[in-house]
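Engineer: The structure's right below; bear with me while I get my questions together.
The values are calculated or read from the model by the stated rules, or taken from the named source; none is laboratory data. Values in this document were obtained by computation on a predicted structure and should not be read as measured data. The accessibility values were calculated without ligands, DNA or RNA, using every heavy atom of the protein model including side chains. Shrake-Rupley method; radii C 1.70, N 1.55, O 1.52, S 1.80 Å.
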Amino acid sequence: MPTPATVRVRHRALTAAAMAGTLLSVLSACGEESTTAKGSAPAWKEPSAYRYTLDSGEGERALIGTFEVTVRDGKAVKTVGLDESGRRVVDQKLIEVPTIAGLLKQAKTAREEGADVVDIEYAKDGRPTSISIDWDENAIDDEEGYTLGDYEALG
């Protein structure tokens, strides 16, 4: 049976771990301020050329992994898989990695077709930083989750 001193040490260790996790979560969110959209989307016009990182997860689908995507004139012209899953998708040409406009179109289609959940978070400039779609809250593995980061408009 643990002594009271052991219990206090474990409690302090758990408290410190929880605080560290919270701090990491807050710090990771500091890079880009975002807001969740419940109504209409902020105005954002897709530039003719940009680069971004897409982390695509959740659900049972081909587009799973982390990618660096370069877009020119509305088309993904270069896609690099940044993890094992992403490299597999790119190497085997399993699916075309979408542009930011393509992801927004997917979210709009999901809303129009009655998906149970469509959540989008936006950066201050109006571009999305996170898109989450759940077609049926009672189904398993139909979710789509996208995190968009490292955005850079190109000249």
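Engineer: With every protein chain left in place, what is the accessible area per residue of the stretch 58-135 in square angstrom, probe 1.4 Å?
Structural biologist: In whole numbers, the stretch 58-135 has 55 Å² accessible per residue.
Engineer: Cross-link candidates for K78: which lysines have Cα within less than 28 Å, leaving aside residues fewer than 8 places away along the same chain?
Structural biologist: Of all the lysines, those that pass the test against K78 - Cα under 28 Å, at least 8 places apart if same chain - are K45, K93, K105, K108, K124.
Engineer: In percent, what relative contact order does the stretch 40-100 have, based on Cα pairs under 8 Å that are 6 or more apart in sequence?
Structural biologist: Once divided by the residue count of the stretch 40-100, the mean separation gives 28 percent.
Engineer: I need the shape label for the stretch 58-155. Rule: rounded when a/c is under 1.5, else prolate if a/b > b/c, else oblate, with a, b, c from the alpha carbon gyration tensor.
Structural biologist: In terms of gyration-tensor shape, oblate.
Engineer: Further question: Ignoring ligands, DNA and RNA, what percent of the 1.4 Å accessible area of the stretch 62-155 is carbon and sulfur?
Structural biologist: It is 44 percent, rounded to a whole number.
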